[in-house]
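Let me begin by presenting the structure, written as structure tokens, before commenting on it.
The values are calculated or read from the model by the stated rules, or taken from the named source; none is laboratory data. All values derive from a computational prediction rather than experimental measurement. Glycine also receives a Cβ, built like all others from the backbone with ideal geometry; neighbour counts cover every protein chain displayed. Only protein heavy atoms, including side chains, enter the accessible area calculation; ligands, DNA and RNA are left aside. Shrake-Rupley method; radii C 1.70, N 1.55, O 1.52, S 1.80 Å.
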Amino acid sequence: MTTDEKMEALLNEGRVFPPPDRFAATANANNKSLYEMAENDYEAFWAKQAEELHWFRRWDKVLEWTVPFSKWFVGGKTNICYNCLDRHVKGPLRNKAAIIWEGEAPEQQRVLTYWDLYREVNKFADVLKNQLNVEKGDRVTIYMPMIPELVIVMLAVVRIGAVHSIIFGGFSPESIKDRVLDSQSKVVVTADGGYRNGQVIQLKRNVDEALAGNDAPVTDVVVVRNMQYHMDIEIDDKRDTWYHRAMRKANHFIPAEEMDSEDLSFLLYTSGTTGKPKGIMHTTGGYLTGVHYSTKYVFDLKPEDVFWCTADIGWITGHSYITYGPLSNGATVVMYEGSPGYPDKDRFWHIIEKYGVSIFYTAPTAIRTFMRWGEKYPQRRNLSSLRLLGTVGEPINPEAWMWYYKNIGHERCPIVDTWWQTETGSIIVAPLPGVIPVKPGSATIPLPGYDVAVVDKDGHPVKRGEGGLLVIRKPWPSMLRGIYGDPDRYYETYWKKFGNLYFTGDGAKIDRDSYLWLLGRVDDVINVSGHRIGTMEVESACVDFPAVSEAAVIGIPHEIKGQAIVAFVTIKDGEAHSLDLIQEIEEHVVAKIGSIARLEKIFITAELPKTRSGKIMRRLLRDIANGNVIGDTTTLADPVIVEQLKQRYESEEGN
Ligand code: WT7
């Protein structure tokens with residue numbers, strides 16, 4: 001099927017699944033009152049959600065809004081870590097499991113109660129504050145594997161009012177360097193090594209390489225000893241400290257800093273349409289209100305639930321739905337270090353059985369992988385503890401949705417398809433599972449408190465049944481407050497297009513029931529396995545390779561990953577076109593960005609299609625690679641190039 005045919009099939013999807021009666025009967029929301037409340041008085045609705053948190057001082061004003069800058073709960077004082085820990089250890093949750101951690105090696109397990117987590121976070125807060133002189137507002141970069149210390153460190157950072165910038169463990173030294181320099185981090189926290197998909201990754205060595213020979217302002221690197229066997233790493237006595245040694249000397253109580261609601265809490269870098277990742281800025285009171293509220297209602301969280309979000313904390317999903325949302329709600333979370341296929345392909349189902357997981361949140365790309373592995377793996381395990389399933393990261397194809405519904409949820413569990421972004425901080429479009437009937441492939445309707453629309457290029461709402469661009473019309477508490485160090489880019493990226501509407505970068509269609517069907521990015525961003533990669537970033541990594549002269553990067557549909565990356569490159573005169581060269585370019589891109597940017601295909605060509613003013617026409621390359629009819633070529637400098645390219649591409653594909 002071509003892309004267009006697939007899209008058509010998706011939009012003809014007619015199945016509807018109402019909330020099961022048994023689920024709705026006890027759901028945190030089982031009628032439309034939240035929608036009505038938000039509709040009637042937007043600010044009062046959000047104030048009510050914020051009241052679920054602990055505030056040292058109540059706000060004077062719910063919202064101040066001057067496009068494109070919003071301030072929420074103005075004048076209020078709170079602390080994210082206090083809300084996740086201190087208030088729970090004062091009551092009956094004190095000895096409840098906060099984190100159930102499972103290592104990749106099957107017998108490895110650690111459980112931290114709320115009190116345990118509270119104690120460790122306090123100690124590390126003291127390490128940061130009093131041993132490393134980290135002050136309120138200072139940035140701390142975290143580059144760690146999925147181990148409990150990662151949660152301890154991030155909570156300790158926000159406890160003292162510092163700002164974390166977490167970098168996913170799959171990023172390269174070069175990517176770490178860019179992010180450390182951009183955020184001007186004072187401290188980096190890492191581990192000797194970690195596991196990723198069954199392989200050992202050299203975290204400390206990557207940090208050393210990132211910090212070598214540049215003027216990064218990093219004074220200290222803290223290293224968690226994580227590997228079972230001694231890992232060969234270098235310790236620079238002037239700069240590096242072992243985590244366990246620092247913790248031995250630490251104090252047991254450090255009060256949570258009273259933060260202004262609008263104080264920065266963290267930066268998270270994400271790809272955009274230029275070569276440089278953007279440091280998305282999130283603040284305190286509004287962010288926590290958004291994640292607290294969505295966790296409670298979208299995941300229908302109850303005190304007895306065991307919640308497992310399979311994302312890595314290096315992405316926003318892990319920030320919001322492993323750490324902050326669940327812990328501020330006093331939940332028990334499962335945290336898994338390793339890969340889904342080790343030691344066997346039933347590992348996830350084994351973990352669900354072992355801990356009685358009741359809510360499971362994962363990505364479509366993972367579901368498609370499980371589909372390919374086959375039903376026999378989930379069938380081996382008892383999944384009867386599950387009561388709710390979720391997905392995030394990209395549109396889910398109805399086939400994968402049905403597989404998930406049948407084989408994991410046993411046709412009992414509602415599925416919440418949650419649309420949101422690093423920039424939105426928390427879930428924006430998703431069903432309330434006790435209220436809204438779901439349709440496979442649709443994220444359904446906006447949550448109460450969000451004003452989302454599909455508009456045409458002039459910003460006018462499209463009619464039901466039509467497609468357009470997804471925008472958010474009113475500010476929301478957990479929205480990004482800017483791009484670190486680049487206020488102009490904030491306006492340019494999200495606001496310039498429509499002036500007073502937040503532009504998401506996604507295309508969407510709205511059906512006759514007002515359900516939203518997300519159609520993917522409309523900008524130069526590719527979504528590979530639910531992770532965002534900018535085409536420009538990959539292009540600059542390609543042309544950075546000495547033999548390459550030009551590169552154009554596009555996304556193509558991929559059965560498992562959703563999208564895969566294809567690069568069309570021209571090489572310099574005198575360079576030989578060979579398989580070795582292709583491999584070297586591929587490795588170079590991985591070394592520059594990280595394994596998440598691995599190219600699916602490199603196509604070497606003598607020329608790229610360009611307009612008369614010299615702009616590469618990626619649209620035509622997309623048509624070629626997707627097997628679509630070639631679009632308008634009238635602006636091309638030399639239309640023959642496209643025909644030749646198409647023929648060569650197709651004959652290579654056929655081989
Ligand atoms: C982009 C945001 C926020 C979680 C992980 C990704 C796509 C995300 C869905 C969904 C269709 C989705 C969008 C969005 N996306 N969730 N349920 N259905 N598309 O965060 O890296 O900031 O990427 O992911 O294209 O713009 P991110």
Euclidean distance of C-alpha centroids, region 324-399 and region 206-236, integer Å = 33
request  = First measure r as the distance between the Cβ atoms of V640 and Y491, then evaluate 1/(1 + (r/R0)^6) with R0 = 30 Å and state the FRET efficiency to the nearest 0.05.
outcome  = 0.15
remark   = Here the net charge surrounding T283, from other residues whose Cβ is less than 9 Å away from its Cβ (Lys, Arg +1; Asp, Glu -1), is -1
inquiry  = How are the alpha carbon pair distances in region 412-524 distributed across 5 Å bins from zero to the largest one, expressed in percent?
reply    = 2, 12, 22, 24, 20, 11, 5, 3, 1, 0
query = For region 101-255, what is the accessible area per residue in Å², given a 1.4 Å probe and the full set of protein chains?
reply = 39
note = Rounded to the nearest whole number, the Stokes-Einstein translational diffusion coefficient of region 86-135 at 10 °C and 1.306 mPa s (Kirkwood radius, C-alpha pairs) in µm²/s is 129
note = Non-local residues with an amide H under 5 Å from the amide H of W242, with H modelled 1.01 Å from N and Pro and chain starts lacking one, are V223
task = Quote the convex hull volume per residue of region 426-480, based on C-alpha atoms, as a whole number of Å³.
result = 108
message = Give the average over all directions of the projected area of the C-alpha convex hull of region 99-169, one decimal, in nm².
response = 4.9
ask   = V67 accessible area, nearest 10 Å², 1.4 Å probe?
value = 70
request  = Could you tell me whether region 525-654 comes out rounded, prolate or oblate from its Cα gyration tensor? Rule is a ≥ b ≥ c as square roots of the eigenvalues, rounded for a/c under 1.5, then prolate if a/b exceeds b/c, otherwise oblate.
outcome  = oblate
remark   = Per principal axis, largest first, the Cα atoms of region 524-571 extend in Å by 32, 16, 14
query = Which of the aspartates and glutamates could be linked to K354 by a straight reach, that is with a Cα gap under 20 Å, when you skip same-chain ones fewer than 8 residues away?
reply = E102, E104, E107, E304, D305, E337, D344, D346, E375
note = Subtracting the Cα-Cα distance of E107 and R239 from 0.36 nm times their residue separation yields 44.1 nm
inquiry  = If packing is taken as the average count of other Cβ atoms within 10 Å, what order do 45-58, 544-557 fall into, highest mean first?
reply    = 544-557, 45-58
note = Expressed to two decimals, region 245-299 has a Cα Rg over Rh, using the Kirkwood radius, of 1.15
query = For region 525-654, how many pairs of lysine residues have a Cα-Cα distance under 26 Å, where the two are 8 or more positions apart or belong to different chains?
reply = 15
query = About its Cα centre, how strong a charge dipole does region 525-654 have in debye, to the nearest 20, once Lys and Arg get +1 and Asp and Glu get -1 at the Cβ?
reply = 500
key: Surface accessible to a 1.4 Å probe, K186 within the full protein complex, Å²   = 50
query = What relative contact order, as a whole-number percentage, does region 130-213 give when Cα pairs under 8 Å and 6 or more residues apart are counted?
reply = 35
inquiry  = Taking 37 °C and 0.692 mPa s as the conditions, I'd like the Stokes-Einstein D for region 22-63 in µm²/s, using the Kirkwood hydrodynamic radius from alpha carbon pairs.
reply    = 272
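Before anything else, pin down the relative contact order of region 525-654: Cα pairs under 8 Å, at least 6 apart, normalised by residue count, whole percent.
Relative contact order here is 20 percent.
Which pairs in the list K77/K496; K129/K186; K457/K496 are over 21 Å apart, alpha-carbon to alpha-carbon? Can you show the working numbers first?
Numbers: K77/K496 32 Å; K129/K186 12 Å; K457/K496 12 Å.
Where the Cα-Cα span goes over 21 Å, the pairs concerned are K77/K496.
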remark   = With +1 at each Lys and Arg Cβ and -1 at each Asp and Glu Cβ, the charge dipole magnitude of the chain around its Cα centre, to the nearest 20 debye, comes out at 1740
Computed label-point distance, nm, for sites K354 and T66 using a 7 Å Cα→Cβ extension = 5.4
task = Can you tell me the order of 344-352, 496-504 when each peptide is scored by its average per-residue count of other Cβ atoms within 10 angstrom, highest first?
result = 344-352, 496-504
request  = Please list the non-local residues whose amide H lies under 5 Å from the amide H of V528, H modeled 1.01 Å from N, same-chain partners needing a gap of 5 or more.
outcome  = I533
query = What's the Kirkwood radius of region 477-601 in Å, using all Cα pairs?
reply = 16.8
Around C84: net Lys/Arg minus Asp/Glu count, Cβ-Cβ under 15 Å = +2
query = Quick one: which of 596-605, 441-450, 294-303 comes out on top by average Cβ neighbours within 10 Å, and what's the full order, highest first?
reply = 441-450, 294-303, 596-605
Region 96-178, dipole about Cα centre (Lys/Arg Cβ +1, Asp/Glu Cβ -1), debye to the nearest 20 = 380
query = Please state the relative contact order of the chain as a whole percent: Cα pairs under 8 Å, 6+ residues apart?
reply = 14
request  = Could you calculate, for the chain, the ratio of the Cα radius of gyration to the Kirkwood radius, expressed as Rg to Rh?
outcome  = 0.95
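Take a quick pass over region 204-336 and tell me how many lysine pairs come in under 30 angstrom between Cα atoms, counting only ones 8 or more apart or on separate chains.
Pairs that pass both the separation and distance tests number 6.
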request  = Looking at the chain, send over the antiparallel percent of its DSSP beta bridges, to the nearest 5.
outcome  = 60
task = Can you pull the one-decimal nm distance between simple spin-label points at R464 and K572, each 7 Å off the Cα toward Cβ?
result = 6.0
remark   = Here, E43 and R22, labelled 7 Å along Cα→Cβ, have an inter-label distance in nm of 4.5
